[in-house]
Amino acid sequence: MPRILMVGLVVAMLVPQAAALAQQTPAIEVYKTPTCGCCNKWVEHLRNNGFTVRTINLDRLADVKARHGVPSRVQSCHTGLVGGYVIEGHVPAADIQRLLKERPSGVLGIAVPGMPIGSPGMEVQGTKAQPYEVVTFDKEGRTNVFAAHGR
Ligand SMILES: [Cu+2]
């Protein structure tokens, strides 16, 4: 086969794969306060797992959380938006990928309430991780366990 055809074939094979990869790694918008260190560490965790992240710094996040229906009892230090879902707090990248794959209906998003030690971006060296849950939440403020970690 002439070399030019070979190259063309390889490119033709790679392009759909690149498109598929881009689909698997959607862009996420992250609202956080400018001085939040653990927020930056979580953003790093997302990037290390293939997400494209755009951060938006705000002095207060209450309006963002209210606008996107994050119930107060599951709130944390940052709020992400991806694929039509809300990601609240230190949610592991794998759980976001699973959410985007399963696309549950009637769910606004998933959250790790508070800031449990050992969740992505909340690792403390020499400190034992505490068990924590990822919960779904809906527009009525109802929550359900989506994943459990660290037990
Ligand atoms: Cu945090």
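Starting from the stretch 36-54, take each residue that is closer than 11 Å to Pro120 by Cα and hydrophobic (A, V, I, L, M, F, W, C) and list its partners that are assigned to a helix (DSSP H, G or I) and away from the ligand (no atom under 11 Å from the Cβ), counting only C-beta distances under 8 angstrom and pairs at least six apart or across chains.
Here the result reads Leu46/Ala93; Leu46/Ile96, each pair linking the stretch 36-54 to a residue that is assigned to a helix (DSSP H, G or I) and away from the ligand (no atom under 11 Å from the Cβ).
Within the stretch 56-63, does at least one residue satisfy the condition of being within 16 Å of the ligand (Cβ to nearest atom), of a type in the set (D, E, K, R), buried (at least 20 other Cβ atoms within 10 Å of the Cβ) and modelled with pLDDT of 95 or more?
For the stretch 56-63, residues within 16 Å of the ligand (Cβ to nearest atom), of a type in the set (D, E, K, R), buried (at least 20 other Cβ atoms within 10 Å of the Cβ) and modelled with pLDDT of 95 or more: absent.
Return yes or no: is Lys101 among the basic types (Lys, Arg) and farther than 18 Å from Asn49 by Cα?
Here the answer is no, as Lys101 does not meet what is asked.
Name the residue that is farthest from Asp59 (Cα to Cα), counting only residues in the stretch 29-44 that are in contact with a helix residue (DSSP H, G or I) (Cβ under 9 Å, 6 or more places away or on another chain) and away from the ligand (no atom under 11 Å from the Cβ).
Selected residue: Val30.
Any residue in the stretch 117-126 that is in contact with a Gly (Cβ under 8 Å, 6 or more places away or on another chain), farther than 22 Å from Arg54 by Cβ and modelled with pLDDT under 95?
yes
Can you find a residue in the stretch 33-49 that is surrounded by fewer than 11 Cβ atoms within 10 Å (Cβ to Cβ), in a helix (DSSP H, G or I) and at pLDDT 95 or above?
Yes, the conditions are met somewhere in the stretch 33-49.
The values are calculated or read from the model by the stated rules, or taken from the named source; none is laboratory data. As the structure is a computational prediction, the values presented were derived from the model and not from experiment. Glycine also receives a Cβ, built like all others from the backbone with ideal geometry; neighbour counts cover every protein chain displayed.
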